[in-house]
1. For residue 162, state whether it is at positive phi, surrounded by 15 or more Cβ atoms within 10 Å (Cβ to Cβ) and either of a type in the set (Gly, Ala, Ser) or at pLDDT 95 or above (or both).
2. Residues of segment 99-117 being surrounded by 17 or more Cβ atoms within 10 Å (Cβ to Cβ) and either in contact with a Leu (Cβ under 8 Å, 6 or more places away or on another chain) or farther than 28 Å from residue 60 by Cα (or both), which ones?
3. Any residue in segment 161-183 that is part of a loop (DSSP other than H, G, I, E, B), in contact with an Asp or Glu (Cβ under 8 Å, 6 or more places away or on another chain) and closer than 27 Å to residue 64 by Cβ?
4. Taking the residues in segment 165-197 that are of a type in the set (S, T, N, Q) and surrounded by 15 or more Cβ atoms within 10 Å (Cβ to Cβ) as candidates, determine which candidate is nearest to residue 221 (Cα to Cα).
5. Might you check whether a residue that is closer than 24 Å to residue 213 by Cβ, of a type in the set (S, T, N, Q) and surrounded by fewer than 20 Cβ atoms within 10 Å (Cβ to Cβ) occurs anywhere in segment 118-128?
6. Does at least one position in segment 36-49 carry a residue that is at pLDDT below 95 and acidic (Asp, Glu)?
7. In segment 219-242, which residues are over 16 Å from residue 34 (Cβ atoms) and either in a loop (DSSP other than H, G, I, E, B) or touching a helix residue (DSSP H, G or I) at 6+ places or on another chain (Cβ under 8 Å) (or both)?
8. Which one of 79, 61 is surrounded by fewer than 16 Cβ atoms within 10 Å (Cβ to Cβ), out of contact with any helix residue (DSSP H, G or I) (no Cβ under 9 Å at 6 or more places or on another chain), under 27 Å from residue 231 (Cβ atoms) and at pLDDT 90 or above?
Amino acid sequence: MNTLDAIDDIDEPLIEVRNLRKYFGSGKRPVRAVDDVSFAIRKGETLGLVGESGSGKSTIGRTVLRLVERTDGEVRYRGEDIAGFSAERMRKLRSKLQIIFQDPYASLNPKMRISAILGEALSTHGLHKGAAARDKRIAELLETVGLRPEHASRFPHEFSGGQRQRIGVARALAVEPEFIVADEPLSALDVSIQAQVINLLADLRERLSLTMLFISHDLDVVEYLCDRVVVLYLGKVMEVAPTAALFERPLHPYTQALLAASPKPDPLLPTAHVALTGDIPSPIAPPSGCVFRTRCPHAIALCAQTVPPLEERAPGHFSACIREDLISAPMNLTSTST
């Protein structure tokens with residue numbers, strides 16, 4: 001079974017991505033940022049999107065929301081492909097589809113008070129009637145993300161990075177969305193305050209039944225927050241699996257390498273080492289066949305000739321690798337010693 005068949009099997013997915021492509025530039029050598037990606041997200045589910053820098057994670061998030069127009073493929077919201085939506089219909093849909101940006105320092109207007117930043121979203125979508133109702137809703141939003149109502153009168157520069165990201169979360173929640181793209185919301189924060197935002201997102205997900213696409217390179221956070229995980233490399237999907245299955249028995253060599261390289265809380269714990277050689281290829285001229293083959297320790301000649309299909313290897317667990325011997329005996333990262 002391939003991923004498109006699996007999408008059809010998911011009960012009433014809120015978001016469906018089918019054969020998504022996003023190329024930048026024109027001519028014969030465009031930048032293939034996203035190249036034939038498919039997945040679905042159930043209502044109430046948090047799907048993790050992981051991979052190295054340059055793998056296409058953020059581009060996917062922005063393309064799903066039509067902040068960037070796709071080159072090809074479909075993005076379906078409740079069964080409808082939003083590519084054909086008019087500007088007016090898309091404007092109305094914005095209240096259902098929101099984003100938490102990566103950089104809380106750049107995503108808040110420094111000249112606007114917090115009341116204006118949050119009130120702008122409410123006014124744009126007509127979600128309050130009168131100043132009193134608006135102020136009440138702003139106070140509720142601030143309390144929801146762990147801030148005080150009196151913070152509404154301050155400017156962004158008066159807050160710490162973690163507090164600014166909380167305001168970014170409040171802005172996304174202001175319009176009561178069904179779906180949120182969290183685009184590496186922790187990467188610009190100090191490690192000391194990342195845990196606060198992680199716990200906030202986990203709490204809001206449970207309380208508000210949020211559906212999220214969580215984009216990150218931090219595998220520990222993905223393991224904690226996400227229900228399923230999509231692993232990307234050079235714009236292509238390498239593996240898709242329920243979170244527990246992916247972390248316990250990764251099937252694809254690239255996933256194994258990512259997990260083996262992830263820092264361990266106890267350096268004495270047994271780990272698996274998967275050596276990666278060379279640099280990430282350019283998306284202008286990706287390798288033939290399997291795009292990961294130039295860095296894969298298990299690559300064979302056939303890998304240069306065949307684009308591996310993403311196939312189901314266990315219930316809900318998909319991998320794009322032609323090496324059947326690796327898939328039948330996947331690496332167990334919890335028991336392989338150095």
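The values are calculated or read from the model by the stated rules, or taken from the named source; none is laboratory data. Keep in mind the model is a prediction, meaning the values are calculated, not measured. Here the Cβ is made from the backbone with ideal geometry for all residues, glycine too, and neighbour counts use every protein chain on show.
1. Values: at positive phi: no; surrounded by 15 or more Cβ atoms within 10 Å (Cβ to Cβ): yes; either of a type in the set (Gly, Ala, Ser) or at pLDDT 95 or above (or both): yes.
Taking the combined requirement at face value, the residue does not satisfy it.
2. Looking only at segment 99-117, we keep the residues that are surrounded by 17 or more Cβ atoms within 10 Å (Cβ to Cβ), and these are 99-104, 107-108, 114-115, 117.
Selection gives 99, 104, 114, 115, 117.
3. Applying the first criterion (part of a loop (DSSP other than H, G, I, E, B)) to segment 161-183 yields 174-178.
Then drop every residue that is not in contact with an Asp or Glu (Cβ under 8 Å, 6 or more places away or on another chain), which leaves none.
No, the conditions are met nowhere in segment 161-183.
4. At the first step, the residues of segment 165-197 found to be of a type in the set (S, T, N, Q) are 165, 187, 192, 194, 196.
Applying the additional criterion that residues be surrounded by 15 or more Cβ atoms within 10 Å (Cβ to Cβ) yields 165, 194, 196.
Numbers: 165: 16, 194: 10, 196: 12 Å.
Ranking the qualifying residues of segment 165-197, first place goes to 194.
5. yes
6. No - not one qualifying residue is present in segment 36-49.
7. Step one: of segment 219-242, the residues over 16 Å from residue 34 (Cβ atoms) are 219-229, 239, 241-242.
Those that are over 16 Å from residue 34 (Cβ atoms) and either in a loop (DSSP other than H, G, I, E, B) or touching a helix residue (DSSP H, G or I) at 6+ places or on another chain (Cβ under 8 Å) (or both): 219, 221, 222, 223, 224, 225, 226, 227, 228, 229, 239.
8. Numbers: 61 fails: surrounded by fewer than 16 Cβ atoms within 10 Å (Cβ to Cβ).
When all the criteria are applied, what remains is 79.
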